[in-house]
Amino acid sequence: MLLGPPGAGKGTQASILARELRVPHLSTGDLLRAAVAAETPLGREAEGHIRAGRLVPDELVLGIVRERLAEPDARDGFLLDGFPRTIAQADALDRLTPIDVVVYFQVPTARLIERLAGRRICPKCQSVYNVRSRPPKIADRCDRDGTELVQRPDDRPGAVATRLQVYEEQTAPLLEFYRRRGWLRSIDADGPPDAVTARLRAELGPTVASGSVATRSSSAPVHRSPSQ
Ligand code: AP5
């Protein structure tokens, strides 16, 4: 499980690590955005919360997590990104499945705000870019399919402020929750993406090394698919 504030780089690192460990990358943010895009009843209910930077109600999120964990590719392991986010979600997760390790991504708040302001995504394939740290080859165009890049509605300043506050109030208490169980590890997630990947691998040790298949370059866009 990758735990940390908005913009900490959880999604960026999860997509690399999931490929190395050959397990699905389960991001509740990606699953919820896919539901919004598909205009499902869940998506319609979640959209306003996401846009405003608030958490989507626990029962909705738990429903999609239960469904996703029941899929065959999650049987032998998975990487959680952005879930759980409340103590109630963590309690529910306890009843669903065991967790091996929780890694907390530590990043100064000013850096989070800078990263979120600079993030751009491809609305077609969901690749993630950053105008500073991971720019596309052609300005504002996706490297994969040429689609014009957009800013996530919740990366606008008002929503970012709400998300940071919501994180402090509702998600940060999970650090103590998992520390008490002895599952929590921490990495310095400031610095270039490749350096953070190296710290994550070092923290997780042989688990990752043994499953390693490839090392990504930080200049490549990160592709995040809800079906991963
Ligand atoms: P979600 O999509 O999970 O958003 P988040 O947790 O706020 O995380 P982000 O996606 O903003 O950041 P990240 O840590 O993944 O960073 P990333 O790698 O993209 O959730 C969105 C919303 O959905 C929530 O607000 C809520 O409404 C709802 N939701 C989701 N899960 C929920 C749940 N469990 N319960 C209730 N509601 C839920 O990187 C950010 C940027 O920085 C990118 O541009 C990237 O290229 C760049 N970058 C990454 N690493 C580095 C680095 N080392 N150096 C420089 N730039 C970097």
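The values are calculated or read from the model by the stated rules, or taken from the named source; none is laboratory data. In this text, all values refer to a predicted model and were calculated from it rather than measured experimentally. In this analysis, Cβ positions are derived from the backbone assuming ideal geometry, glycine residues included, and neighbour counts consider all displayed protein chains.
Table for the structure above
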| read-out | value |
| --- | --- |
| Failed criterion for ARG54 (all others in (1) buried (at least 19 other Cβ atoms within 10 Å of the Cβ); (2) within 27 Å of ASP190 (Cβ to Cβ); (3) near the ligand (Cβ under 9 Å from one of its atoms) hold) | (1) |
| Residue count, the stretch 1-44 (criterion: more than 7 Å from the ligand (Cβ to nearest atom), under 23 Å from ILE113 (Cβ atoms) and in contact with an Asp or Glu (Cβ under 6 Å, 6 or more places away or on another chain)) | 2 |
| Condition check for ASP73: at pLDDT below 95, away from the ligand (no atom under 11 Å from the Cβ) and over 29 Å from ASN130 (Cα atoms) | no |
| Selection within the stretch 81-116 - within 9 Å of the ligand (Cβ to nearest atom) and either outside any loop (DSSP other than H, G, I, E, B) or of a type in the set (Val, Ile, Thr) (or both) | ASP81, THR86, GLN89, PHE105, VAL107, ARG111, LEU112, GLU114, ARG115, LEU116 |
| From the options TYR167, TYR129, TYR178, residue that is more than 8 Å from the ligand (Cβ to nearest atom) and either of a type outside the set (A, V, I, L, M, F, W, C) or within 29 Å of GLU47 (Cβ to Cβ) (or both) | TYR178 |
